1. In segment 1-29, which residues are open to solvent by 70 Å² or more (accessible area, probe 1.4 Å) and in contact (Cβ under 8 Å) with a residue 24 or more places away in the chain?
2. Applying the selection to segment 87-119, what residues are loosely packed, with under 13 Cβ neighbours inside 10 Å and free of Cβ contacts under 8 Å to residues at least 12 places away in the same chain?
3. Collect the residues in segment 47-81 that are touching a strand residue (DSSP E or B) at 6+ places or on another chain (Cβ under 8 Å), assigned to a loop (DSSP other than H, G, I, E, B) and among the hydrophobic types (A, V, I, L, M, F, W, C), keeping them in residue-number order.
4. Which one of Ser59, Ser75, Ser24, Ser31 is among the hydroxyl-bearing types (Ser, Thr, Tyr), out of contact with any Leu (no Cβ under 7 Å at 6 or more places or on another chain) and closer than 18 Å to Lys119 by Cβ?
5. Hey, any hits in segment 30-41 for a residue that's under 26 Å from Leu84 (Cα atoms) and surrounded by 13 or more Cβ atoms within 10 Å (Cβ to Cβ)?
6. Among the listed residues Leu110, Leu44, identify the single one that is touching a strand residue (DSSP E or B) at 6+ places or on another chain (Cβ under 8 Å), modelled with pLDDT of 95 or more, part of a helix (DSSP H, G or I) and not acidic (Asp, Glu).
7. For Gly115, are the conditions met, namely being at pLDDT 95 or above and in a loop (DSSP other than H, G, I, E, B)?
8. Can you tell me which residue within segment 120-137, out of those that are among the aliphatic types (A, V, I, L, M) and either open to solvent by 10 Å² or more (accessible area, probe 1.4 Å) or assigned to a loop (DSSP other than H, G, I, E, B) (or both), is farthest from Asp3 (Cα to Cα)?
Amino acid sequence: MNDYIDMKKLWYDSELAQLKIVCSTEVITASAQIYVTDALIDDLIHQLKQFLNGQVQESYWANEEKGDSSTVCVSLRFQHKDKLGHVSIEVYMELDDGGAYSRHNCCFYLNTEIGLLTKFCEKLPHLKEKVSGIEVVLNEDALL
């Protein structure tokens, strides 16, 4: 499986952090730079834990509202693909390429497994550390 998500902290201040998110599958690689707070990272962890613990069948996280009236939006929708532990992540990214976000965006499925998603979730709190350059990757083997 070559699909991956790579989140890298570019900079931070007391309120916000800027992350570069790269999501890649066999057919597409897309990246976006988004702004998050510690509360948004905590929400992603919470959404993932609920999904991984079986409390919900589907989970959704976004850093921002979709559309032209906000900064770049990235959303992740986690869904069970089968009963064998395979997971589909629907990735939505607005592209900051000079066009309107409502017209310049992409949406695709990224595939992973429960075990890899669990490891990813365990690493997410590192993004709240007050240092730049921290990187959290889903399926690190895909980057080798």
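1. Met1, Asn2, Lys8, Trp11, Tyr12, Glu26, Val27
2. Of everything in segment 87-119, those that are loosely packed, with under 13 Cβ neighbours inside 10 Å and free of Cβ contacts under 8 Å to residues at least 12 places away in the same chain turn out to be Asp97, Gly98, Gly99, Arg103.
3. Correct list: Val72, Cys73.
4. After applying the criteria, what remains is Ser24.
5. No, segment 30-41 has no match at all.
6. Residue meeting the stated conditions: Leu44.
7. No; evaluated as a whole, the condition is false for this residue.
8. Checked segment 120-137; the qualifying residue farthest from Asp3 (Cα to Cα) is Val131.
The values are calculated or read from the model by the stated rules, or taken from the named source; none is laboratory data. All figures in this text were calculated on a predicted structure; none of them were measured in a lab. Methodologically, a virtual Cβ is constructed for each residue, glycine included, from the backbone with ideal geometry; neighbour enumeration extends over all protein chains shown. Keep in mind that these areas ignore ligands, DNA and RNA; they rest on the heavy atoms of the full protein, side chains included. Shrake-Rupley method; radii C 1.70, N 1.55, O 1.52, S 1.80 Å.
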